[in-house]
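One structure is given here, and the rest of the page talks about it.
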Amino acid sequence: MAGDLSLLVGVVILTGVSGFLATACRTGTLPRNGVVGVRTKATMSSDEAWDAGHRAAAPALRRTAWFGLVLIAITVIVLVIVEPGEDPGWEFLFPVVGFVGVTVGICLAGVVANRVAKEILAQE
């Protein structure tokens, strides 16, 4: 059960980050900085590349956050239903899928942001 909860905490944190970034990217309230956001050479090169890249990444981040929320709900339901020691192992499936899925979603959003930022730089 402790392993399930540890994975669940990771999924909750990554889902929260995805949701925050999706909102900030969509509304344009995430200024270029060295701490939060998709920080690649291309996105950091100009404010225009930063904004365009993050706007392009917003839909992927939003889908990632929703995916994470669904897997969090499923994991909590499974943890309530499954009694410790009953078919050990399969209950790890949902938090693992959630953690991997949210991580992949964040990475894909970064790839999208970087690609769009490079396109903006090529136009300049």
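Of all residues being surrounded by 15 or more Cβ atoms within 10 Å (Cβ to Cβ), at pLDDT below 95 and not aliphatic (A, V, I, L, M) in region 3-22, which is farthest from Ala109 (Cα to Cα)? Just the residue, please.
It comes out as Asp4.
Out of the residues in region 27-54 that are touching a residue at least 60 places away in the same chain (Cβ under 8 Å) and part of a helix (DSSP H, G or I), state the one that is nearest to Pro95 (Cα to Cα).
Taking the candidates together, the pick is Gly53.
Can you name the residue in region 55-75 that is over 30 Å from Ala117 (Cα atoms) and surrounded by fewer than 15 Cβ atoms within 10 Å (Cβ to Cβ) and, of all such residues, is farthest from the chain's Cα centre (by Cα)?
Among residues in region 55-75 that are over 30 Å from Ala117 (Cα atoms) and surrounded by fewer than 15 Cβ atoms within 10 Å (Cβ to Cβ), the one farthest from the chain's Cα centre (by Cα) is Ala73.
Search region 93-105 for residues that are part of a helix (DSSP H, G or I) and pair each with any residue that is of a type in the set (S, T, N, Q) when their beta-carbon atoms are under 6 Å apart and the residues are at least 6 apart or on different chains.
Phe94/Thr75; Pro95/Thr75; Val102/Thr15; Val102/Thr64; Gly105/Thr64
I'd like the full set of residues that are under 14 Å from Gly37 (Cα atoms) and surrounded by fewer than 15 Cβ atoms within 10 Å (Cβ to Cβ), limited to region 102-124.
Across region 102-124, the qualifying residues are Cys107, Val111.
The values are calculated or read from the model by the stated rules, or taken from the named source; none is laboratory data. On a predicted model such as this, the values are computed, not experimentally measured, just so you know. So basically every Cβ, Gly included, is an ideal-geometry build from the backbone, and we count neighbours across all protein chains shown.
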